[in-house]
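The values are calculated or read from the model by the stated rules, or taken from the named source; none is laboratory data. Because the structure is predicted, anything quoted here is derived from the model rather than measured. Glycine gets a Cβ as well: all are built from the backbone with ideal geometry, and neighbour counts include every protein chain shown.
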Amino acid sequence: MVGMLAILVLSFAGLLYFGLPRDPDFDNPGYAACIRRGHARYDCKMHILGTGK
């Protein structure tokens, strides 16, 4: 029980210290809209870069 509580506390502390991972491509509104429509990240990157069809 104490071990589980320690893991939970350390995980939360790590989250506060390091923050949540963030995808910098979400600054591009076209990429963000593509992801919201349910497409795969790779497909959206290829579409935004102009190499997709």
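Side notes on the structure shown:
- Unmet criterion (only one of (1) surrounded by fewer than 10 Cβ atoms within 10 Å (Cβ to Cβ); (2) outside any helix (DSSP H, G or I)) for Gly3: (2)
- Output for the range 36-53, where each listed residue is part of a loop (DSSP other than H, G, I, E, B) and at pLDDT 80 or above: Arg37, Gly38, His39, Ala40
- Residues in the range 12-35 that are surrounded by 10 or more Cβ atoms within 10 Å (Cβ to Cβ) and not in a loop (DSSP other than H, G, I, E, B): Phe12, Ala13, Gly14, Leu15, Asp25, Phe26, Gly30, Tyr31, Ala32, Ala33, Cys34, Ile35.
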